[in-house]
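Scroll down for the structure; my scribbles are underneath it.
What follows draws every value from the coordinates through simple rules; no lab data is involved. Fair warning: this is a prediction, and the values are worked out from it, not measured in the lab. No Cβ is skipped: glycine too gets one built from the backbone with ideal geometry, and neighbour counts run over all protein chains shown.
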Amino acid sequence: MPSLIEDYALIGNCASAALVGRDGSIDWMSLPRFDSDAFFASLLGNQENGRWLIGPTDQTAKATRQYRQGTLVLETRFETATGVVVLTDCMGRRRDHADVVRLVRCESGSVEMRIDLVIRFGYGLVVPWARRLGDDRLTMVAGPDRLTFTSPIPFTGKDMHTVAAFTVRAGEELPFSLEWAPSYLPIPASVDVKSVIEEASTAWAEWSGKHSFAVDAEWADLVLRSAITLKALTHFETGGIVAAPTTSLPEQLGGGRNWDYRYCWLRDATLTLYALMSSGFVDEAVAWRDWLVRAIAGTPDQMQIMYGIAGERRLSEFELPWLEGYEGSKPVRVGNAASDQLQLDVFGEVLDAMYQARRMGMGYDEFGWSIERALVDHLDTIWQQPDDGIWEIRGERQQFTHSKVMAWVAFDRAIRSVEEFELDHADVDRWRRTRDAIREQVLDKGYNAELGHFTQSYGSKHLDASLLLLTLVGFLPASDERMIRTVEAIEKTLLRDGFVLRYDTDSNVDGLTGHEGAFLPCSFWLVDNYTLMGRSDEAHALFKRLVGLCNDVGLLSEEYDVEAKRQVGNFPQAFTHVGLINSAHNLWRDVGPAQHRAESMEMTAAAE
């Protein structure tokens with residue numbers, strides 16, 4: 001049985017990633033990319049679906065973990081009755097190759113250890129053909145993939161597992177590695193494990209040194225850890241940022257709300273840009289902006305809500321019936337059918353991201369601006385249509401209030417780009433008329449005067465946490481009575497133990513069965529609303545509770561089950577860590593992302 005979701009730590013090489021349990025077992029991993037077929041898939045099944053365990057034979061050993069400061073190099077310390085051993089894990093990258101390295105070092109006494117290596121290509125299904133390369137190496141091949149295991153100690157095969165037992169004594173170090181390469185290339189040379197660890201440590205520390213964020217000392221390490229996590233989920237060549245390195249970790253334990261998050265969402269564009277730029281990581285922000293422009297290039301009516309890591313469009317969804325799912329949560333899905341949905345809000349996210357990039361000094365991009373103009377002109381023809389909404393519902397399309405607000409954002413940012421940066425345009429007067437028409441419609445149909453708050457969709461009485469974004473995008477100021485009452489209604493209706501649900505699943509708006517946990521990014525949006533409303537004490541208190549959910553190495557998933565007191569959903573979740581970074585900036589900077597992004601509220605209020 002896999003560990004608790006929050007009992008995993010992340011290692012990666014900015015092309016792929018792996019999850020390592022407290023027990024020293026790597027239970028999820030795919031190479032060479034985040035979205036490649038996993039060959040360690042016990043996270044979603046059992047040990048026979050692939051894992052790599054290195055740990056003490058003493059099952060009662062005490063395990064504590066930490067990352068080397070400012071890095072993604074993980075150190076797990078096992079204390080047993082006979083001694084103490086430290087397991088160091090990280091990943092490296094070579095041309096056409098990737099390396100997973102593990103170093104066992106005994107600090108004191110002696111510790112009996114064991115290895116259990118189970119390779120199953122094709123998401124835990126395909127047993128590879130294995131052969132020895134001398135006494136210390138084993139190569140395993142299936143189709144296009146090859147993994148080569150290098151060990152300083154004798155190992156043997158047992159029931160399609162590669163196993164070993166050994167004793168390590170004070171002062172001894174034992175290096176282990178697993179090298180991936182395409183099966184049609186020569187077998188790669190083994191790596192120097194200690195050199196890979198030191199090179200990775202140095203590179204990560206140098207990158208972390210760019211972090212330019214003065215935050216309350218109590219939370220500084222968690223903010224940096226969130227930035228490192230965001231970097232770890234960024235592909236080093238394409239600049240694309242995946243939502244999470246996992247698929248099908250459930251939003252409800254034992255339920256069917258299980259989705260593949262190893263893709264790049266446009267929904268997260270502006271907030272991700274803020275998190276990177278305001279933290280000093282300009283190169284990554286530019287790479288993300290450039291990925292965005294390349295991905296959406298094409299006819300405007302074909303823009304998707306998400307893309308593959310390099311901008312791929314076909315993300316066909318299918319199920320893996322041989323995997324039992326995390327704690328029985330079926331089905332396990334690969335691909336994401338939501339990529340074919342209509343979500344009007346992504347137009348606003350793209351236009352806002354490009355506008356904010358200009359405000360933050362990224363410079364003019366003629367190619368990008370031509371695409372933006374085409375998107376706005378297309379949106380002018382479809383903005384009145386119902387859509388699938390920010391939450392990718394699989395029920396009937398609705399006239400979602402948030403979707404309409406983000407359509408307003410698209411026109412607003414296009415107009416402001418023309419006015420503030422003197423960009424050429426086709427018909428800015430028409431854009432203004434449409435912007436004003438959308439605003440008038442939202443205030444008329446998205447606001448329920450009888451209830452005294454905005455609603456999830458036109459004519460609905462239900463609430464939605466996406467309404468918290470109305471102040472953050474500048475549609476209305478936080479001081480507006482309608483927003484004050486909307487926040488109050490969300491507090492009364494959507495809070496669970498102080499954390500925010502996306503919406504009430506009992507309404508059946510999403511067309512799915514079951515429920516889900518509190519959505520952590522939405523909870524950070526509530527922090528930001530408190531900050532804008534001057535409710536400083538409540539903002540700090542909620543932020544403290546949210547970061548208190550971080551696991552022992554500072555990682556958060558997408559959601560939190562308030563009844564089970566457990567993290568749920570894909571892990572670690574980029575959007576959650578983006579929310580943590582931006583809320584910290586909002587709390588400890590004179591002008592944080594929320595204030596900066598919402599500046600258009602002054603123009604809007606003046607126009608009323």
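A straight chain from Lys158 to Ala337 at 0.36 nm per residue would run longer than the Cα-Cα distance by 60.4 nm.
Listed by chain and number, the aspartates and glutamates whose alpha-carbon sits under 17 Å from that of Lys461, ignoring those within fewer than 8 places in the same chain, are Glu396, Asp444, Glu450, Glu488, Glu491, Asp504, Asp506, Asp510.
First measure r as the distance between the Cβ atoms of Phe236 and Glu440, then evaluate 1/(1 + (r/R0)^6) with R0 = 35 Å and state the FRET efficiency to the nearest 0.05. Working shown, then result.
Working: r = 46 Å, r/R0 = 1.31.
E between Phe236 and Glu440, to the nearest 0.05, is 0.15.
If r is the Cβ-Cβ distance from Arg359 to Arg68 and R0 is 35 Å, what FRET efficiency results, to the nearest 0.05?
That pair, Arg359 with Arg68, gives E of 0.45.
As an exercise, use a Förster radius of 60 Å and the Cβ-Cβ distance of Arg432 and Glu198 to find the FRET efficiency, rounded to the nearest 0.05. Intermediate results must be reported in sequence, preceding the final value.
Working: r = 58 Å, r/R0 = 0.96.
It comes to 0.55.
Shape analysis of the chain yields a ratio of the Cα radius of gyration to the Kirkwood radius, Rg/Rh, of 0.99.
I need the peptides 79-88, 415-424 ranked by packing, meaning the mean over residues of other C-beta atoms within 10 angstrom, with the highest value on top. Before the final figure, lay out the partial values.
Numbers: 79-88: 18.8, 415-424: 15.2.
Order by mean packing, descending: 79-88, 415-424.
Set against the 2.2 N^0.38 Å expectation for a compact globular protein, the range 463-608 has a Cα radius of gyration ratio of 1.04.
What's the ranking of 239-251, 443-455 by average number of surrounding C-beta atoms within 10 Å, highest first?
On the way: 239-251: 26.1, 443-455: 16.2.
Ranking, from highest mean packing down: 239-251, 443-455.
Spacing of the modelled spin labels on Arg114 and Phe318, each 7 Å from Cα toward Cβ, amounts to 3.6 nm. Considering only Cα-Cα distances, which of the following residue pairs are longer than 26 Å: Lys231/Lys404; Lys404/Lys492; Lys62/Lys544? Where the Cα-Cα span goes over 26 Å, the pairs concerned are Lys231/Lys404; Lys62/Lys544. In percent, rounded to a whole number, the relative contact order of the range 216-596 is 19, using alpha-carbon pairs under 8 Å and six or more apart.
Contour minus end-to-end for Leu133 and Ser507, with contour as 0.36 nm per residue of separation and end-to-end as the Cα-Cα distance?
Values: separation 374, 0.36 × 374 = 134.64 nm, distance 5.98 nm.
Full-extension gain reported as 128.7 nm.
Spatially, the range 508-586 and the range 323-379 are offset by 21 Å when compared through their Cα centroids. Here's the list of aspartates and glutamates a cross-link from Lys565 could span, going by alpha-carbon distance under 17 Å and ignoring same-chain residues fewer than 8 apart: Glu6, Asp7, Glu251, Glu327, Asp497, Glu516, Asp552.
Quick one, can you get me the convex hull of the C-alpha atoms of the range 5-184 expressed as volume per residue in Å³? Don't skip to the end; give the middle numbers.
On the way: hull volume 21.1 nm³, N = 180.
That works out to 117 Å³ per residue.
Measuring between their Cα centroids, the range 56-128 and the range 9-37 lie 12 Å from each other.
The amide H of His161, built 1.01 Å from its N in the peptide plane, has no neighbour under 5 Å, considering only residues 5 or more places off or on other chains. With both labels modelled 7 Å from their Cα along Cα-to-Cβ, the Glu481 to Arg95 distance reads 6.9 nm.
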